[in-house]
Amino acid sequence: MLTQRIEAYIARSAISLLELLVVIAILAVLAALTLAGVQRVRATAARAQCANQLRQLALAIDQYHISQKRLPPGFIPEDVSGDRPYLGWPARLLPYLEQDAIWRKVEEAFRTDPKPLVFYGHKPHADLLETVVLAFICPADYHARTPHEFPTGRVAFTSYLGVSGTNYVQKNGVLFAGSRLTHADVRDGLSHTLLIGERPPSADFRLGWWYRGWGLYKDGTAEMVLGVRERNFSSDYTSCPKGPYKFTAGRLSNECDLFHFWSLHPGGGNFAFADGSVRFLAYSADSILPALATRAGGEVVSLD
């Protein structure tokens, strides 16, 4: 119909400036509506893909639990000897994500490392640090798809962090430094306890490494695990508030957003629960996150 009207205008012996402006305005409105619709469809698809990847990670953790009789440790601190120091929970899921070849490289890297507590210097570790594993990257998190170049080497990232609980001190969640829990330890119920949440890598790319990393305090905090009311006592981020931080929208350029869960989806972020389910939680749900983050706090939380 609109095309016919335009052709009719052109076919006339003359067209006024006002008529031309009306046609241009109508076309501009239609283009804007089409673009907005396309963007909404893409955002919805990215959110659904991201949720599906989270679901796969949660299922992999369940398979790990079946195989190892416990949940994977969120992070291995340096004072735990003989158990691959500085390794995060994502790497331990590789055999359960059809990434056996990469896991064999992990085993070989630690087997041949003469100084496992020296973070840099062993080439097999460096090769793994820069290996991109798409299973750990949300499709909406476009800047995490490419390794970042540091003077010491290249590093690849994860968009998903384990929920350590309230903060790095309390460790009352499911995945934290040195954790060795089973499903039986999650006394609040698997369907009411957070397992994994979204948070893009930090603005300076120093935090959010999937393979090995120190985190803020050499305990994996803000690297592979994070609390829902995290505190900032880091000497590297003195310009950021002390906290506690809340679940709220963030920006890729804001270095202080590394202290809280957030996503590149409009309005909230995806979370996996300990029972393997995935829910999109709006930022307005921030008030119930502390109760959902603890494994045995005894809180009664309604998600309906």
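FYI, it's all coordinate maths here, none of it is from the lab. Since this is a predicted model, take the numbers as computed values, not measurements. Methodologically, a virtual Cβ is constructed for each residue, glycine included, from the backbone with ideal geometry; neighbour enumeration extends over all protein chains shown.
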Taking only the Cα positions of region 98-191, the convex hull volume per residue in Å³ is 166
Candidate cut points under GluC sites (Glu not before Pro) in region 203-282, DSSP loop plus at most 15 other Cβ atoms within 10 Å of their own Cβ, are none
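Please work out how much length the chain gains when fully extended from Arg251 to Ser287, using 0.36 nm per residue of separation minus the C-alpha to C-alpha distance, in nm with one decimal. Provide the component values of the computation, followed by the final result.
Details: separation 36, 0.36 × 36 = 12.96 nm, distance 2.10 nm.
That pair, Arg251 and Ser287, stretches by 10.9 nm at full extension.
Using r as the Cβ-Cβ distance of Ser16 and Thr44, and R0 as 41 Å, what FRET efficiency do you calculate, to the nearest 0.05? Working shown, then result.
Working: r = 42 Å, r/R0 = 1.03.
Result of the calculation: an efficiency of 0.45.
Just flag the chymotrypsin sites (Phe, Trp or Tyr not before Pro) in region 177-278 sitting in loop per DSSP whose Cβ has no more than 15 other Cβ atoms within 10 Å.
Of the chymotrypsin sites (Phe, Trp or Tyr not before Pro), the ones in loops of region 177-278 whose Cβ has at most 15 other Cβ atoms within 10 Å are Tyr217, Phe233.
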Expressed in nanometres to one decimal, the distance between label points 7 Å along Cα→Cβ at Leu117 and Trp103 is 2.9
Relative to the chain, whose Cα atoms define the longest principal axis, helix 100-111 and its Cα axis are tilted in degrees, nearest 10, by 40
Per-residue Cβ contact counts at 10 Å, fewest first, order Leu207, Leu303, Leu93 as Leu303, Leu93, Leu207
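With a Förster radius of 35 Å, plug the Cβ-Cβ distance of Ala184 and Ser234 into 1/(1 + (r/R0)^6) and report the FRET value to the nearest 0.05.
Details: r = 34 Å, r/R0 = 0.97.
The pair Ala184/Ser234 has a calculated efficiency of 0.55.
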A student asked for the Cα radius of gyration and Dmax of region 45-293 in angstrom ought to give 16.4, 49
Phi angles of region 128-144, converted by Karplus (6.51 cos²θ - 1.76 cosθ + 1.60, θ = phi - 60°) into ³J(HN,Hα) in whole Hz with x for Gly and Pro, give 6, 4, 9, 7, 7, 10, 4, 4, 9, 10, 5, x, 6, 8, 5, 7, 8
In whole Hz, the Karplus estimates of ³J(HN,Hα) for region 237-254 (6.51, -1.76, 1.60; θ = phi - 60°; x where Gly or Pro) are 10, 5, 7, 8, x, 6, x, x, 8, 10, 6, 8, 5, x, 9, 4, 8, 9
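Loop sites only, by DSSP: take the trypsin sites (Lys or Arg not before Pro) in the chain that have at most 16 other C-beta atoms within 10 Å and name the longest stretch containing none of them. Display every interim value, and only then the final one.
Details: sites that count: Arg12, Lys69, Arg70, Arg145, Arg180, Arg187, Lys242, Arg251.
With a cap of 16 other Cβ atoms within 10 Å, the longest stretch comes to 71-144.
Out of region 80-186, which chymotrypsin sites (Phe, Trp or Tyr not before Pro) are coil in DSSP terms and have no more than 16 other C-beta atoms within 10 Å? Let's see the in-between values first.
Working: sites: Tyr86, Tyr96, Trp103, Phe110, Phe119, Tyr120, Phe136, Tyr142, Phe157, Tyr160, Tyr168, Phe176; in loops: Tyr86, Phe119, Tyr120, Tyr168, Phe176.
Counting only loop positions with at most 16 other Cβ atoms within 10 Å, the chymotrypsin sites (Phe, Trp or Tyr not before Pro) in region 80-186 are Tyr120.
Between Ala296 and His143, what length in nm is gained on full extension when 0.36 nm per residue of separation is reduced by their alpha carbon distance? Present the calculation step by step, with values, prior to reporting the outcome.
Working: separation 153, 0.36 × 153 = 55.08 nm, distance 3.59 nm.
Stretched fully, the Ala296-His143 segment lengthens by 51.5 nm.
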Quotient of Cα radius of gyration and Kirkwood radius for region 154-304, i.e. Rg/Rh, equals 0.94
Computed over the chain: longest principal axis from alpha-carbon atoms vs helix 17-68 long axis, angle to nearest 10 degrees, is 20
Helix 2-11: inclination vs the chain longest Cα principal axis, degrees, rounded to 10, gives 40
Any lysines whose Cα falls less than 29 Å from that of Lys123, other than same-chain ones fewer than 8 residues away, would be Lys105, Lys115, Lys218
Taking a label point 7 Å from the Cα of Arg70 along Cα-to-Cβ, the residues of region 147-190 whose backbone nitrogen sits under 17 Å from it are 171-187
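Report, in debye and to the nearest 20, how large the dipole of the chain comes out about its Cα centre when Lys and Arg carry +1 and Asp and Glu carry -1 on their Cβ.
Numbers: 31 positive and 29 negative charges, 23 e Å.
Dipole magnitude for the chain comes out near 120 debye.
Per-residue ellipticity at 222 nm for the chain, helices alone: DSSP H runs ≥ 4 residues times -39500 (n - 2.57), over residue total, nearest 500 deg cm²/dmol? All intermediate terms of the calculation are to be shown ahead of the outcome.
Working: 6 runs with 90 residues, N = 304.
Counting only the DSSP helices, I get -9500 deg cm²/dmol.
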